[in-house]
Amino acid sequence: MTREQIITDMCYTYRHDYGLDRNPEDPSWVAGMTPDERKGLYATMAQIYDNNIAPNMVLKNGKSSWIF
């Protein structure tokens, strides 16, 4: 998996409606995220990945794997 795929999976794990579009004028109970909300969540997950996950991974045969 690439960095982007892992971060996107993290976004979907945190918010199952990450891929659904919602307009800013929709009520808050409507599922989905606005593009700005999606961008903000992705940035947060990227920061978590870069600071806490990536430093504990090594590449083996071109694939990521955890260090134990």
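The values are calculated or read from the model by the stated rules, or taken from the named source; none is laboratory data. These numbers were taken from a predicted model, which means no experiment stands behind them. Here the Cβ positions follow ideal geometry from the backbone for every residue, glycine too, while neighbour counts run over all protein chains shown.
Numbers at a glance
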read-out	value
Residue count for segment 1-30, restricted to those that are loosely packed, with under 11 Cβ neighbours inside 10 Å and among the hydroxyl-bearing types (S, T, Y)	3
Condition check for L59: in a helix (DSSP H, G or I) and either modelled with pLDDT of 90 or more or surrounded by fewer than 10 Cβ atoms within 10 Å (Cβ to Cβ) (or both)	no
Qualifying positions in segment 31-50 - part of a loop (DSSP other than H, G, I, E, B) and surrounded by 12 or more Cβ atoms within 10 Å (Cβ to Cβ)	G32, T34
Condition broken by A46, with the remaining ones in (1) among the small types (G, A, S); (2) on the phi > 0 side of the Ramachandran plot; (3) at pLDDT 95 or above satisfied	(2)
